[in-house]
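Colleague: Have a look at the structure that comes next, please.
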Amino acid sequence: MVAAVVIGLVNAVVRPIVTLLTLPLTIITLGLFLFVVNAISLSLASWLAGAFNIGFAVDGFWPALFGSIVLSFVSGLIGRFVSADTLAQ
């Protein structure tokens with residue numbers, strides 16, 4: 001649960017800044033570079049979790065990239081089933 005909070009904080013604070021800084025590269029790659037940005041965010045969350053001894057670890061870039069693809073897929077599925085109308089009620 002604490003690892004989810006760390007990931008959420010990194011996604012809320014760091015990810016928008018990195019996304020803005022890498023916007024030209026994201027446009028050139030037609031958005032595929034966002035998977036790399038997500039992998040960087042996941043690696044940073046893993047590093048922070050390790051610094052606070054939380055127990056969340058990602059062992060390298062490729063597992064972080066795969067994890068970012070999985071997180072994007074799951075987030076898309078959840079977003080499909082949970083609409084803004086459901087959240088407003």
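Colleague: Between [x] 40, 30, 18; [y] 39, 36, 21; [z] 39, 28, 22, which entry matches Cα extents along the principal axes in Å as derived from the coordinates of this structure?
Modeller: Matching entry in [x] 40, 30, 18; [y] 39, 36, 21; [z] 39, 28, 22: [y].
Colleague: Starting from the Cα-Cα distance between Val2 and Trp47, subtract it from 0.36 nm times their residue separation and give me the gain in nm to one decimal.
Modeller: Gain on stretching Val2 to Trp47: 14.8 nm.
Colleague: For Cα pairs less than 8 Å apart in space and 6+ apart in sequence, what is the mean separation divided by the residue count of the stretch 2-82, i.e. the relative contact order in percent?
Modeller: Reported relative contact order: 31 percent.
Colleague: Separate question: Given 0.36 nm per residue, what is the gain on full extension from Val74 to Leu23 after removing their alpha carbon distance, in nm?
Modeller: Additional length available on full extension: 16.0 nm.
Colleague: Once both labels are modelled 7 Å past Cα along the beta-carbon direction, what's the Ile54-Val14 spacing in nm?
Modeller: 1.0
Colleague: Ranked from highest to lowest mean number of other Cβ atoms within 10 Å per residue, what is the order of the peptides 11-24, 58-71?
Modeller: 58-71, 11-24
None of the figures in this text is laboratory data; all of them are computed from the coordinates on show. These figures come from a predicted structure and were not determined experimentally. Reconstructed Cβ throughout: ideal geometry from the backbone, glycine too, with neighbour counts over all protein chains shown.
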